[in-house]
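Beneath this line is the structure, given in structure tokens, with notes to follow.
The values are calculated or read from the model by the stated rules, or taken from the named source; none is laboratory data. Worth saying up front: this structure is predicted, and the values here are computed from it rather than measured. Cβ sites come from the backbone with ideal geometry, for glycine too, and all protein chains shown count toward neighbours. The protein model used for the area step is the full one, side chains on, heavy atoms only, and it has no ligands, DNA or RNA in it. Shrake-Rupley method; radii C 1.70, N 1.55, O 1.52, S 1.80 Å.
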Amino acid sequence: MSNSLKASPAGLIIVDKARQRRGWTKTSTACWWQDAHTSKATLRRFWQGERIQRDIFIAICQAVGISNWSEIADLSDIDLTPESQLTTKFVDWDEAPNIESFYGRNQELEQLEQWITHGCKLVTIIGIGGIGKTSLMVALADRIQTKYNCLIWKSLSSCPDLLSLLKQILSTLNYLVIQDVTQGIKQLIKLLQQRCCLLILDGLEFVLSNKESASTYHYFIEILSQSRHQSCILITSREKLSIIDNNPQIFRCLTLQGLPKTDAIKLLQSQGFTGKELGLSALIKLYRGNPLAIKLIIPLIQSVFAGNVAAFLNQNALVIGDRLNSILQQQFEQLSDLERDILYWLAIWQEPVSFSRLQSHFLISVNPASILAGIAGLEKRSLLEKWVSENEYSFTLQPLIMKFVTDKLVECAVEEINQVVPSNDISYFKVLRTHWLLRPGTDDIVGDRILQQLREELWRTYSANLPQILKQILSLLSDKSPLAIGYIGCNIMAIDYQLSS
């Protein structure tokens, strides 16, 4: 008996009538795939006439009220199904999200499936927050699940310690209760050897924020990848694992970029746009094809600008959205002081900067090796864009990151001034001491983007008293050394320039 089924054209007509009677949509009615204990991606494959797991095919039919599933199935080539196409005997999708929309990524799916087919034990998908790593992983797992007899999806967003994670995985398969991590890893490896498993760990970055946890998980993943077994571990993360570079035949890493224009337009069309609106291409470019960022900005464009994309773009205001801002904030909090300093300088420059020029702007000389390590760390987290020109690498930030870092820079500057004013203690100055906020190569103090934003924020707090506040701060610098002052005086005078002119 075949382990997979597909619907016949006549069968799809029957199912279509059945779902219309219930008032359901083809794929957007959540209770349909939930009742069938599957995913939206599988339901979409059902409608496309593709083969899916037999049990799920039957469950989809039953969920819509069709008990005689055989009249829906295309049985013409039933004997042609390879014997190697095994039924997924155990499936735990519990922590996998339901994906409302998924567009494009065909090339990425084919690449990932090819790696896995050629024996990769560990495959990671990395990329900036909101780029679609989890959605791609859902689509991939749904696409290849019939090749495995065990599928387990675990989300690490709740930051479980490794022992808890191992207990969760093993207990679902009725393995013995484990007492420690070492025993748990041995039991899991035994499971991966006995059964052909697809183990998915979504959101590894959540457990990498703690040094102890990061070390434990790195060890755990390395052990899994080095052990002999017949299974595959899939991981999503905002950070690249260092072990990925060791053996490309066993480890593979896909850095996920934004959606290309054609697929991003399909996403916009699904949200109510026709695809012919002016400015769609510019909107996609501005947000670098980031699916989450595009989805989050759509309600604002529709409600405030009546769906007029060009009118929104004319405001020259890049809006991040609370959800994406929260994701970026989590990453920002995990950075070292040097990594944050590098981001601040790149936000001030607003254009690609070479390593040598970046190095020259630090107030205190920093070991070049340390700066290179900082750049590598940021690149590993997908927070940098790298440009190549005249055999030299330059670095910059994509617009979303540029906006976020600029806001953080202004926020820190305001907080520092708010601390110095009541205390008269300039030791509170950190960013304003180490970073000259005026964009290098320009003397447009009045029109500078960061300085203007900082003035506006300070005016909200001090109003007409702001000029006097700034003079008070300048007076505190009179007897201080150049090193203690750093860029403080330049920044305060630049803020005051427009107010007193």
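Points worth noting:
- The helices (runs of 4 or more DSSP H) found wholly in segment 327-404 and carrying at least 3 residues that are in contact with a strand residue (DSSP E or B) (Cβ under 8 Å, 6 or more places away or on another chain) and within 21 Å of L432 (Cβ to Cβ) occupy 337-349.
- Close Cβ contacts (under 9 Å, 6 or more residues apart or on different chains) running from residues in segment 80-107 that are at pLDDT below 70 and open to solvent by 50 Å² or more (accessible area, probe 1.4 Å) to residues that are part of a loop (DSSP other than H, G, I, E, B) and charged (D, E, K, R) comprise K89/R195.
Residue by residue, here is whether (1) part of a helix (DSSP H, G or I); (2) surrounded by 18 or more Cβ atoms within 10 Å (Cβ to Cβ); (3) in contact (Cβ under 8 Å) with a residue 60 or more places away in the chain; (4) under 41 Å from the mean Cα position of the chain (by Cα) holds:
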{"site": "P422", "(1), (2), (3), (4)": "yes, no, no, yes"}
{"site": "Q468", "(1), (2), (3), (4)": "yes, no, no, no"}
{"site": "S478", "(1), (2), (3), (4)": "no, no, no, no"}
{"site": "I495", "(1), (2), (3), (4)": "yes, yes, no, yes"}
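- Scanning segment 91-120 for residues that are assigned to a loop (DSSP other than H, G, I, E, B) and either of a type in the set (V, I, T) or under 19 Å from the mean Cα position of the chain (by Cα) (or both) yields E95, A96, P97, N98, I99, E100, S101, F102, Y103, G104, R105.
- Of all the residues in segment 23-77, those that are open to solvent by less than 40 Å² (accessible area, probe 1.4 Å) and not acidic (D, E) number 29.
- Under the condition of being over 22 Å from the mean Cα position of the chain (by Cα) and either over 19 Å from K266 (Cα atoms) or open to solvent by less than 10 Å² (accessible area, probe 1.4 Å) (or both), the residues counted in segment 294-312 number 8.
- L267 vs. criteria buried (at least 19 other Cβ atoms within 10 Å of the Cβ), over 20 Å from the mean Cα position of the chain (by Cα) and either at pLDDT below 90 or in a helix (DSSP H, G or I) (or both): no
- Residues of segment 196-219 classified as of a type outside the set (V, I, T) and buried (at least 20 other Cβ atoms within 10 Å of the Cβ), total: 10
- Candidates L122, L173 - the one that is in contact (Cβ under 8 Å) with a residue 60 or more places away in the chain, of a type in the set (A, V, I, L, M, F, W, C) and open to solvent by less than 10 Å² (accessible area, probe 1.4 Å): L122
- Total residues in segment 432-450 satisfying the condition of being part of a helix (DSSP H, G or I), touching a Lys or Arg at 6+ places or on another chain (Cβ under 9 Å) and either open to solvent by less than 70 Å² (accessible area, probe 1.4 Å) or at pLDDT below 85 (or both): the figure is 1.
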